[in-house]
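The values are calculated or read from the model by the stated rules, or taken from the named source; none is laboratory data. All figures in this text were calculated on a predicted structure; none of them were measured in a lab. Quick reminder, even Gly has a Cβ in these numbers, built from the backbone with ideal geometry, and neighbours come from all protein chains shown.
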Amino acid sequence: MDEKWELYYDAMELLEEGEIKRAEKLLKEAIKLDPDFVAGYVGLVEVYEIQEKEKLVAKYVNLAWEKTLKKFPKWPPVGKISWGSVNDRQYFRAICDKAILHHRKEEKEEAEKLYRLLLKLNPNDNQGIRYLLAALFRGLTPEDVDMMIEEGNRKQDWSELENLLIEENKKHRFWKYEDDEEIENIEGDA
């Protein structure tokens, strides 16, 4: 494995352990090795999110975004990236972070465009973008979604989040379930 990736993964482990400063240092080392290493910038976004340093979050979201655009000068990168490629996930995360930044600033059109792009790029939605988009339409924040997920995890019941998705999807048609039975089963549980 490439040294920058080793530093990134070590930093992510340190973040989980609460070693924020050490994680930050490793991510900065990874960026020194490769100034276009998007995962390093995305990792720093996480570091500064934890520390609630909004200006640094925005700075590194924008840097990751710029590096992503540099990597894919023909935009959008439909057909060029895949969630199945571990190396490509850094770009999905950078796009998501940019969408969330727009969402938080109530720049709804820009956030919606990026959320919809992510759903197009990754129709299986391994990131949970469908919930963020539903929240955007409902006037909720990304933090509201995080709280709903945490509550669902605590109770082992995600019906509040799923109902939000179903209700907003009926209005805005952004998420396609594998089959209609899945929706009926969820609606029946509500």
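Go through the stretch 83-103 and count every residue that is loosely packed, with under 14 Cβ neighbours inside 10 Å and part of a loop (DSSP other than H, G, I, E, B). Step through it out loud before you land on a result.
So in the stretch 83-103, the residues loosely packed, with under 14 Cβ neighbours inside 10 Å come out as 84-87.
Add one more test, that the residue is part of a loop (DSSP other than H, G, I, E, B), and what stays is 84-85.
So the answer is 2.
From the list ILE129, ILE166, exactly one residue is among the hydrophobic types (A, V, I, L, M, F, W, C) and under 27 Å from TYR9 (Cβ atoms). Which is it?
On the way: ILE166 fails: under 27 Å from TYR9 (Cβ atoms).
Of the residues listed, the single one that is among the hydrophobic types (A, V, I, L, M, F, W, C) and under 27 Å from TYR9 (Cβ atoms) is ILE129.
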Residues of the stretch 137-146 that turn out to be surrounded by 12 or more Cβ atoms within 10 Å (Cβ to Cβ) and more than 14 Å from the chain's Cα centre (by Cα), as a count: 4
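The rows are residues; the columns are (1) in the same structural domain as LEU101 (by TED's automatic domain parsing); (2) at pLDDT below 95; (3) closer than 17 Å to ARG104 by Cβ.
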position	(1), (2), (3)
MET1	yes, yes, no
GLU24	yes, no, no
LYS28	yes, no, no
LYS53	yes, no, yes
The stretch 104-125, subset under 22 Å from GLU160 (Cβ atoms) and hydrophobic (A, V, I, L, M, F, W, C), residue surrounded by the fewest Cβ atoms within 10 Å (Cβ to Cβ): LEU119
Hey, GLU13 under 28 Å from GLU168 (Cα atoms), of a type in the set (D, E, K, R) and not assigned by TED's automatic domain parsing to the domain that holds ASN169 or not: no
Some residue of the stretch 155-166 being within 15 Å of the chain's Cα centre (by Cα), within 30 Å of GLY79 (Cα to Cα), among the aliphatic types (A, V, I, L, M) and not assigned by TED's automatic domain parsing to the domain that holds SER85: no
Selected residue (criterion: modelled with the lowest pLDDT) from residues of the stretch 126-136 that are of a type outside the set (Lys, Arg) and surrounded by 18 or more Cβ atoms within 10 Å (Cβ to Cβ): GLN127
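Filter the stretch 106-147 for residues that are small (Gly, Ala, Ser), touching a helix residue (DSSP H, G or I) at 6+ places or on another chain (Cβ under 6 Å) and not assigned by TED's automatic domain parsing to the domain that holds TYR91 and give the result. Working first, answer last.
Narrowing the stretch 106-147 to residues small (Gly, Ala, Ser): 111, 128, 134-135, 139.
If we keep only those that are touching a helix residue (DSSP H, G or I) at 6+ places or on another chain (Cβ under 6 Å) as well, we get 111, 134-135.
Result: ALA134, ALA135.
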Selection count where residues are without any contact (Cβ under 8 Å) to a residue 12 or more places away in the chain and part of a helix (DSSP H, G or I), scope the stretch 52-74: 5
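Out of all the residues in the stretch 38-60, which are aliphatic (A, V, I, L, M) and more than 17 Å from MET12 (Cα to Cα)?
Restricting attention to the stretch 38-60, the residues satisfying the condition of being aliphatic (A, V, I, L, M) are 38-39, 42, 44-45, 47, 50, 56-58.
If the condition is that a residue be aliphatic (A, V, I, L, M) and more than 17 Å from MET12 (Cα to Cα), then LEU56, ALA58 are the ones that fit.
Mind listing whichever residues of the stretch 2-19 are farther than 18 Å from ASP97 by Cβ, out of contact with any Phe, Trp or Tyr (no Cβ under 8 Å at 6 or more places or on another chain) and of a type outside the set (Phe, Trp, Tyr)? Break it down stepwise before answering.
Step one: list which residues in the stretch 2-19 are farther than 18 Å from ASP97 by Cβ, which gives 2-7, 9-10, 13-14, 16-19.
Add one more test, that the residue is out of contact with any Phe, Trp or Tyr (no Cβ under 8 Å at 6 or more places or on another chain), and what stays is 2-3, 5-7, 9-10, 13-14, 16-19.
Correct list: ASP2, GLU3, GLU6, LEU7, ASP10, GLU13, LEU14, GLU16, GLU17, GLY18, GLU19.
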